[in-house]
Structure formats: C-alpha cells, structure tokens
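The values are calculated or read from the model by the stated rules, or taken from the named source; none is laboratory data. For clarity, every value in this text was computed on a predicted model and none was experimentally measured. Cβ: placed from backbone, ideal geometry, glycine included. Neighbour counts: every protein chain shown. Areas reflect the complete protein model, heavy atoms only, side chains present, ligands, DNA and RNA absent. Shrake-Rupley method; radii C 1.70, N 1.55, O 1.52, S 1.80 Å.
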Amino acid sequence: MTLHKRWRYVAAFCDGLMVCAARAQVGPFGQTFWAIWDRERRELLENTRMRLPGARGEVWRDAVTDRIDAREVRAEFRFGQGRWVEATCENGDDNVVWTRKCCDVPVEGEVRAGDRRLRLDGRGVVDETEGHHPRRTIWTWSAGVGRAADGRSIGWNLVAGINDPPTGSERAIWVDGEPAEPAPVAFEGLHAIAFADGSRLEFAAEAERRRRENLLIVRSRYRQPFGTFAGALPGGIELAAGVGVMERHEALW
C-alpha cells in the first residue's frame, strides 16, 4: 500500500482577485501553499513551504475560517453553505481514495498584502481528499465558477486520471447549487475541456503557479494556472462568464 495522503484546498474567485490555499500531508511530509492573483495589478504573490510535524504552517483552519498567515500576506476565507459531492474510488490495487468537493459556494473575507487591504466577496471552491493513491499518479483537473447566459449560477469540478470512473466519480457540475455528474471528460492540455456530448470549455490563462519537488521518496511536478473560461457545458448551458483554475500534476508518492 502506498503512502497515506490528505489535503484541503480552497479557492475564492472575485472580480479583481483569485486566491487559493492548501494544506497537504503525504506520509511524513507536510506542505502548505497559497497564491493570490491580483487581476487589476497583474501581480501574482505565492509561496510553498514544507511543514514540520505538528507545526501550523502558513495555511491553517479554525472552526469556520480558512487562513493564510505568512510574513508578507494575511488572508481569511469564510465559506457559505453548498451541496457537497462525495466519492470513494478505487485507484489500483488496495488504493482507495475518498474525496468531497463543493463548488460555486459564497465566500467572503479579506486579503492583506503589505499596506493593501483587499476584500474577498465572490464564489469559491473547497476540495477535501484523503486516501492511498497509486505510487505514480498523473491527473488533469479543473475547478471554477461562473454564470450561464440565462443567469443561472454555475460551478464545476472536472478531472481525468484520478477518481474518474464512468459513474460514481468526483466529476460534478453545479447549476444554481444543484450538482450532477457528467460523463468522463477529455482535457486538451491546459487549454480546453471536451465533454461527451460535444460541449467544450476553452481556457485562457492569466497567471500560473508551477513547481517541481524532489524529496527522494516523493517527487512531483505540476502546473496550475488561474484564468477565464468560455464555451458551453453539457445540457446546452452556454457560459456567459467563468473563472477558475486548470491543473496538470504528475506525482511519484
């Protein structure tokens, strides 16, 4: 059986800001990361840091608030209520992963960067995952929020390569807060997502997090750009506006 993994990832999307933060554990290795994309200044602030056992680190959570507590940045997120999608998936021999996602939920808070105070007031994404993934795992993922042409509120969590059986997967599209599972999707690099019914989302990156890690028994390489989406979702849902993230991740863990 492979190393046990656990993480909580949160993201908030507003008119002028895109913010994400995560706290992860892979076997004995702990890590936190955060990123803030100021869309008006076209400035990306970010940091990734290993976390010692028992240490709080730069990303943590109390009863109701997710927080970034770094030397140069302070932020807090408070998420409202939303419908969770939960899945337990087999990923190879004796490798079982539990995950739950909630997208297009209201989020509010504040980001303080230097002498700037920026209000968070938008929609967000929460990802909680725990289990034993295959030793070598490669996946592509996207999460985002938006508005349909008819005014309905939209959120999505889409993936290929992990937790993606034909049914009972973590894939979900929220329409006015109600989730439904689409058929498997195909990612075209980090540029587009194709759906089984011919619908398609195109992605335009604005800023990108990328990193390589080599901790001998654990190695990873990923890209995670922030950006905007255009196109259509299954069921003839035309997207009037969409923002979120794409990710390509290769891990030996």
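Taking a ≥ b ≥ c as the square roots of the eigenvalues of the Cα gyration tensor of the range 144-239, is the shape rounded (a/c under 1.5), prolate (a/b larger than b/c) or oblate?
Prolate is the answer for the range 144-239, as a/c is 1.5 or above and a/b outweighs b/c.
Rounded to the nearest 20 debye, what is the charge dipole size of the range 1-141 about its Cα centre when +1 sits on each Lys and Arg Cβ and -1 on each Asp and Glu Cβ?
The calculation lands at about 280 debye.
Tally Lys and Arg at +1 and Asp and Glu at -1 over the other residues with C-beta under 9 Å from the C-beta of residue 184: what net charge comes out?
Computed value for this residue: 0.
With Cβ to Cβ distances under 9 Å as the rule, what net charge do the other residues near residue 79 carry (K, R +1; D, E -1)?
Once positives and negatives cancel, what remains is -1.
Under a GNM of the chain (C-alpha, springs under 10 Å), which listed residue has the highest mean-square fluctuation: 43, 238, 128?
43
Taking the chain as a Gaussian network, where each spring joins two C-alpha atoms under 10 Å apart, which residue of 51, 61, 71 fluctuates the most?
Result for the chain, Cα springs under 10 Å: 71 fluctuates most.
Across the range 11-92, what fraction of all alpha-carbon pairs, as a whole percent, falls in each successive 5 Å bin from zero upward?
Result, from short to long distances: 3, 12, 20, 19, 19, 14, 8, 3, 1 percent.
How large is the convex hull of the C-alpha atoms of the chain per residue, in Å³?
So the per-residue Cα hull volume is 117 Å³.
Please label the shape of the range 106-154 as rounded, prolate or oblate, based on the square roots a ≥ b ≥ c of the eigenvalues of the alpha-carbon gyration tensor (a/c under 1.5 means rounded; beyond that, a/b larger than b/c means prolate, else oblate).
oblate
Largest first, how would 228, 140 line up by accessible area (1.4 Å probe)?
Correct descending sequence by accessible area is 228, 140.
Taking the dipole about the Cα centre of the range 1-119, with the C-beta of Lys and Arg at +1 and of Asp and Glu at -1, give me whichever of 81, 109, 97 is farthest to the positive side.
My answer, from the dipole projection, is 109.
Quick one: net charge of residue 138's neighbours, Cβ under 11 Å, K/R +1, D/E -1?
Value of the local net charge: +2.
Looking only at 158, 190, 52, which one moves most when the chain is put into a Gaussian network model with springs between Cα atoms under 10 Å?
So, out of 158, 190, 52, the one fluctuating most is 52.
Taking a probe of 1.4 Å, how large is the accessible area per residue of the range 1-133, in Å²?
The answer is 49 Å² per residue.
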